[in-house]
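The values are calculated or read from the model by the stated rules, or taken from the named source; none is laboratory data. Predicted model only: the values in this text are computed from it and were never measured. Quick reminder, even Gly has a Cβ in these numbers, built from the backbone with ideal geometry, and neighbours come from all protein chains shown.
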Amino acid sequence: MKISLCTISFRHQLIDLKDIAFWARDTGFQGIELWGVHARNQSPLAIHNAQWMAAQGLSIPMISDYLPLQDHQELTRRTRALCALAQGWGADKIRTFAGMQASATVPAADRDQTTRALHHACDIAADHGLRLLVETHPGTLADTLASTVALIDATDHDALAINFDALHVWEGGDDPVTARRTLLPRIAHYHLKNISDRTRLPVFAPANVYSAAGCRAGMVPLMQGAYDYRALLREMQRDGDCEASLEWFGDAVFQTLAGDIAEIRALAADDLTPTGQKTRSVG
């Protein structure tokens, strides 16, 4: 399994991308998922580009952004620009959200408009040799497994894929292991994070997360939260092409990310003996 960190974790810190890259490389990460605003605002004169990243043993698997699905002209402009940016960084995926309305309350006309917009954005992504990923997230048309499947069917485009945020799948009432098996042909990336208790999930609301003064109570390291990741991680690790990003929004970024990737690697090492036999039961 290839594991990246997200630069959004450093959104409120003044840390150079070069320093993040050196630390990621030395800590065992294999990639850096760029937040859209960070990707757009790197100096064109900076030497820390895709080629430099590759020399450090790092890739840029995805650029995560927010496309304006309600405005066709602006959607076209922004998607083309994001695709060009992704190509420049050597990324083969761009990420967005499926609207800003929960699937249970969105009017049918708005659902249709969103899927048409996503199809159009997928056309542009495909023209650039990229895939457009929709993230499983509350308050969107990908907030439950059933709605995500319906969204895929309605959009009807080979370039559409899923950024599988396991905690948000769990938040939506679905079992992430079961949901992964259902969506697997379309899953192109995973986001991994955790929470101390289900009642704390609103802490991930965008308005709170993006605020420098936002609440961080309940954000915990990956293996210490309310959702038990072990079964899901074991399935992911059996997928040789699996790509995931650790997404951390709390304090102590370096300490937490280092601990999380160490736990994931330890779980993989602990599961198999040199002869390939499991050392302990799954559960």
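See the values below:
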{"quantity": "Cβ pairs under 8 Å, 6+ apart, first in region 199-211 and aromatic (F, W, Y), second in a loop (DSSP other than H, G, I, E, B)", "calculated": "F204/K193; F204/F249; Y210/R11"}
{"quantity": "Residues within region 71-102 that are free of Cβ contacts under 8 Å to residues at least 40 places away in the same chain, closer than 21 Å to T140 by Cα and out of contact with any Phe, Trp or Tyr (no Cβ under 8 Å at 6 or more places or on another chain), tallied", "calculated": "4"}
{"quantity": "Qualifying positions in region 205-222 - assigned to a helix (DSSP H, G or I) and over 22 Å from A102 (Cβ atoms)", "calculated": "L222"}
{"quantity": "Residue among R95, R78 that is under 23 Å from H191 (Cβ atoms), among the basic types (K, R) and more than 18 Å from the chain's Cα centre (by Cα)", "calculated": "R78"}
{"quantity": "Verdict on T115 being among the hydroxyl-bearing types (S, T, Y), over 17 Å from F164 (Cβ atoms) and free of Cβ contacts under 8 Å to residues at least 40 places away in the same chain", "calculated": "no"}
{"quantity": "Those residues of region 29-58 which are surrounded by 13 or more Cβ atoms within 10 Å (Cβ to Cβ) and in a loop (DSSP other than H, G, I, E, B), in sequence order", "calculated": "F29, Q30, Q42, H48, N49, Q56, L58"}
{"quantity": "Residue pairs meeting the criteria (Cβ under 7 Å; at least 6 apart or on separate chains; first at positive phi, in region 215-238; second outside any strand (DSSP E or B) and crowded, with 18+ Cβ neighbours inside 10 Å)", "calculated": "G218/V203"}
{"quantity": "Residue in region 152-159 that is part of a helix (DSSP H, G or I), within 25 Å of M100 (Cβ to Cβ) and not β-branched (V, I, T) present", "calculated": "yes"}
{"quantity": "Of all residues making up region 225-245, the number that are touching a Gly at 6+ places or on another chain (Cβ under 9 Å), outside any loop (DSSP other than H, G, I, E, B) and not aliphatic (A, V, I, L, M)", "calculated": "3"}
{"quantity": "Test for L67: is it touching a strand residue (DSSP E or B) at 6+ places or on another chain (Cβ under 8 Å) and under 17 Å from N163 (Cα atoms)", "calculated": "yes"}
{"quantity": "Hits in region 4-28 - residues which are of a type in the set (A, V, I, L, M) and in a helix (DSSP H, G or I)", "calculated": "I8, L17, I20, A21, A24"}
{"quantity": "Of all residues in region 148-169 being of a type outside the set (A, V, I, L, M) and crowded, with 20+ Cβ neighbours inside 10 Å, the one that is farthest from H189 (Cα to Cα)", "calculated": "T155"}
{"quantity": "Subset of region 39-63 that is of a type outside the set (A, V, I, L, M, F, W, C) and at pLDDT 90 or above - its residue that is nearest to R11 (Cα to Cα)", "calculated": "R40"}
